[in-house]
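The values are calculated or read from the model by the stated rules, or taken from the named source; none is laboratory data. Worth saying up front: this structure is predicted, and the values here are computed from it rather than measured. We place every Cβ from the backbone using ideal geometry, glycine too, and count neighbours over all the protein chains shown. These area figures cover heavy atoms from the full protein model, side chains too; ligands, DNA and RNA do not enter into them. Shrake-Rupley method; radii C 1.70, N 1.55, O 1.52, S 1.80 Å.
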Amino acid sequence: MSSKEKDELINFIEKVAGDKYQKIEEDLGNGFVRLHISEAQKRQAKHDIRSVEDVIVELLRNSRDADCRNIFIALHKEKKDRTVAIIDDGHGIPSSVLTKIFEPRVTSKLDSVVNDKYGVHGRGMALYAIKNNVEYVDVVASAVDRGTIVKVYINTMKLPERKDQSTLPATRVRHGEVHVIKGLHNILRVLAEFSIEHPKIKIFVGSPAQILVTMYDLSQNLLTSNKGGKTVFLDGFEEGSLPLWQCVGSIGNVKSLMEVSNDYYGLDVSQRNIHRIFSGEIEPVDDLYTTLLKKHKEVVAKPIFNVDFNNSSNLVKYIEKKDLDKLSQLVEDEFGKIGDKYFLHLKGSPKISRGKNQIKILLEVEGEE
Ligand SMILES: Nc1ncnc2c1ncn2[C@@H]1O[C@H](COP(=O)(O)OP(=O)(O)OP(=O)(O)O)[C@@H](O)[C@H]1O
Ligand SMILES: [Mg+2]
């Protein structure tokens, strides 16, 4: 067929099939297609991802487009290596296209191009662009209508991120709603803005251990019969109908939790931290919107009666635990900023104890390998 004849045939098919034909190169089934795209657009893709924060935005948009209600984001950094695990309870990815979604132009959004504040999307290029810029990215698990877990390893020497990743953006509350007013464009800011813009989606962010305990705690509240082992978990995770993240609530022992956290959720949690989860030392995190709102709750000082300030030798016993916890959090946040400079981080949260007219703060520090 000559090229003229080919053009004529294409024109004819376009007339009959409408503009959908123009857009599709291959129908992959299950609502997935491979789009036609110009070489220039393909080349542009690599440049769309310029920072770790950009990776996070694209992963959030994918979870949102999958109509999820909860997103759990586990962040970890060791020297220059950033690890991100993102767990959602959206509509999942059919297994037949799992390997294809990292290829360019593969999308399920042909008819639902989404226009949000980050721009138009639905080009099937984000995961491809991410893959081109990071050391590793893959789907850890996905099940239709039960959610998706994606894990990414990034070398921040190649794909940079903001240096300070521990500071929340400055916000203000107006008519009960939170607004970001300023702050570094770090991961927390990206997440804060996203959660403000999508009030129906709860975003939980923390270390892998904090995310594990948060999912565990929330799903324990939902489940009536838990306390199983790995076999019970596997039955639910592989065959059940609950969102993938809620399956963790069926586990009742340290060993099984340790085994499944890494293999099934992509959360690297040490044995020591699993023990700390069971002993209540690592606490669940609030969703980010709640955290931002709480920041603004006025601290009302309670009057203390019957205290003789001149004679008392144990003044600090009147300080409430929640205020000491707050102090611990502040010290932890501040140390985060200093520690980064020296490649040091804290082994757990600062331990605060009361002495005789003393508050002792113990920071256990470890180096990054
Ligand atoms: N968390 C997720 N849940 C469900 N499906 C997902 C998820 N992440 C990716 N997908 C599927 O993989 C496809 C490819 O994702 P990718 O981000 O590369 O492209 P896109 O979202 O279609 O378009 P864009 O390039 O504009 O982001 C999506 O169309 C979607 O079907
Ligand atoms: Mg996308």
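Side notes on the structure shown:
- Shape call, the stretch 229-277: gyration tensor on alpha carbons, a/c limit 1.5: prolate
- Convex hull of Cα atoms in the stretch 40-207, direction-averaged projection (nm²): 10.0
- Largest first, the residues LEU362, LEU184, LEU346 sort by 1.4 Å accessible area into LEU362, LEU184, LEU346.
- Protection proxy ranking, highest mean first, for peptides 263-272, 24-33: 263-272, 24-33, where packing is the per-residue count of other beta-carbon atoms within 10 Å, averaged.
- Label separation (ARG174 vs THR156): 3.3 nm, computed from points 7 Å beyond Cα along the C-beta direction.
- The label point for LEU110 and the one for ASP263, both projected 7 Å from the Cα toward the Cβ, are 3.9 nm apart.
- Rounded to the nearest 10 square angstrom, TYR318 shows an accessible area of 80 square angstrom against a 1.4 Å probe.
- Anisotropy class of the stretch 139-235 from Cα gyration tensor, a/c 1.5 cut: oblate
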